[in-house]
1. Could you list, ordered by first residue, the pairs with Cβ atoms under 6 Å in which the first is in region 17-35 and more than 13 Å from D82 (Cβ to Cβ) and the second is open to solvent by less than 30 Å² (accessible area, probe 1.4 Å) and modelled with pLDDT of 95 or more, at least 6 apart or interchain?
2. Which one of these is within 30 Å of E3 (Cβ to Cβ), open to solvent by 60 Å² or more (accessible area, probe 1.4 Å), part of a helix (DSSP H, G or I) and not charged (D, E, K, R): I81, I123?
3. If L68 satisfies every condition in (1) open to solvent by less than 100 Å² (accessible area, probe 1.4 Å); (2) at pLDDT below 95; (3) not in a helix (DSSP H, G or I); (4) not hydroxyl-bearing (S, T, Y) but one, which is the exception?
4. Being of a type in the set (K, R) and more than 30 Å from A106 (Cβ to Cβ): is that true of R36 here?
Amino acid sequence: MDEETILQASEADYMNAEQLTFFDLRLRKLREQTLREIENIKQEIGHGNQVSDVSDRATLEEEAMLVLRIADRKQHLIRKIDAARQRIRSHEYGYCLESGEPIGIARLLIRPTAEYCTEIKTINEQREGSYED
């Protein structure tokens, strides 16, 4: 099954066994890719250069902090991927955690770790925005 086929499927076929297998494979590939990226980041950090100049050292430390933030975000993505794969195994994948409505194939193709349908995600983001003001 490919993206075009899955997009053309009828609503009655939503999250059938074949679609769940498709997304599980996509999530496994994303997890493997993300783990490789994390490993590359660790290697990059491990090869830190020693410099004597204070401004060069500050630049290297700033870059290291940015790399660590990226690695942390990727670790968070691993947890989201694992949670999505658990939802596949429990046949809850593809449905909004809050409303129970279908998330939609197009959204899942873009963001296979999506937990909420577009409407609920928008409401949650608006709530978060109002708390920041």
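The values are calculated or read from the model by the stated rules, or taken from the named source; none is laboratory data. Since the structure is predicted, the reported quantities are computational estimates derived from the model, not experimental observations. Please note: Cβ atoms are built from the backbone with ideal geometry, for glycine as well, and neighbour counts cover all protein chains shown. Heavy atoms of the whole protein, side chains included, go into the accessibility calculation; ligands, DNA and RNA do not. Shrake-Rupley method; radii C 1.70, N 1.55, O 1.52, S 1.80 Å.
1. Note: pairs meeting the criteria are L20/I88; F23/P112; R26/P112.
2. Values: I81 fails: open to solvent by 60 Å² or more (accessible area, probe 1.4 Å).
Exactly one residue qualifies, and that residue is I123.
3. Every listed condition holds for L68 apart from (3).
4. no
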